[in-house]
Amino acid sequence: MPSLRSLGLAWGALAAVVAIGADGGSSLPRSRLPARAALTAQVDPEGSQAIAPLGRALPLRTANGRVVEVTALAVRLRRGSERLVDVRLRYELRGAAAYRMNPAREAQLVDGSGQLLTATGGASGLRPALTPALLQPGHPRAGWVTFVRPTAARVVRVQLTLDAGTGPLTGQWHVGPPS
């Protein structure tokens, strides 16, 4: 009866022959079809309109079904400071139930290296500052949120994610030409 070691070596040799090919590897490698997971990883689940231009309102659904229209109105470097970036956002609630908004927690910037930048904890130095509040239907709120860039990387988009739940809850807006 063969030992376990010799069976292991035989299976290893068989695997090597299959991997190289019966002709010793002299033929051109066969192209493989990409795995299904690789194909779906490149498709944006939010569709072709997932990244909108600045100024376009995006309806974002919350975990409990409320719809908040959010618009990134403007993005600009703070005058006198190349590290501070100010973003003007507008929230408008559709429906009947109130929504507790927190722009400092919900908004992020994405720089050219793919790094996510979060808003500063305090209120923006620009007025009106957009601070956490209870958003009521028919009473939109707009204001500025401030971010700090740790590097000189260019900001490429604004991203805003509402409270966790199912489905796409993130809106994204281009800042300048897409990269």
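The values are calculated or read from the model by the stated rules, or taken from the named source; none is laboratory data. Everything numeric here is computed off the predicted structure, so don't read it as measured data. When we count neighbours, we look across all protein chains shown, and the Cβ atoms used for this are built from the backbone with ideal geometry, even at glycine. We work out accessible area using only protein heavy atoms, side chains counted, and drop any ligands, DNA or RNA first. Shrake-Rupley method; radii C 1.70, N 1.55, O 1.52, S 1.80 Å.
Net charge near Pro128, counting Lys/Arg +1 and Asp/Glu -1 over other residues with Cβ under 14 Å of its Cβ? Let's see the in-between values first.
Details: positive: Arg88, Arg90, Arg127, Arg141; negative: Asp86.
Surrounding charge for Pro128 is +3.
Using only protein heavy atoms and a 1.4 Å probe, report how much of Arg105 is accessible, in Å² to the nearest 10.
140
Can you give the accessible area of Arg83 in Å² (nearest 10), computed on protein heavy atoms with a 1.4 Å probe?
Here the accessible area works out near 100 Å².
If we count every other residue with Cβ under 14 angstrom of Arg78's Cβ, Lys/Arg +1 and Asp/Glu -1, where does the sum land?
Details: positive: Arg76, Arg79, Arg83, Arg88, Arg127, Arg149; negative: Glu82, Asp86.
In short, +4.
Does a label point 7 Å from the Cα of Arg61, set along Cα-to-beta-carbon, have any residues of region 92-132 with amide nitrogen under 19 Å, and which are they?
92-100
How much length, in nm to one decimal, is gained on full extension between Arg105 and Thr118, taken as 0.36 nm per residue of separation minus their Cα-Cα distance?
Numbers: separation 13, 0.36 × 13 = 4.68 nm, distance 0.75 nm.
Full extension of this stretch gives 3.9 nm more.
Counting Lys and Arg as +1 and Asp and Glu as -1, each charge on the Cβ, what is the dipole of region 59-161 about the Cα centre in debye, to the nearest 20?
120
Nearest 0.05, what FRET efficiency do His139 and Ala50 give at R0 = 35 Å with Cβ-Cβ as r? Don't skip to the answer; put the middle values down first.
Working: r = 28 Å, r/R0 = 0.80.
Calculated transfer efficiency: 0.80.
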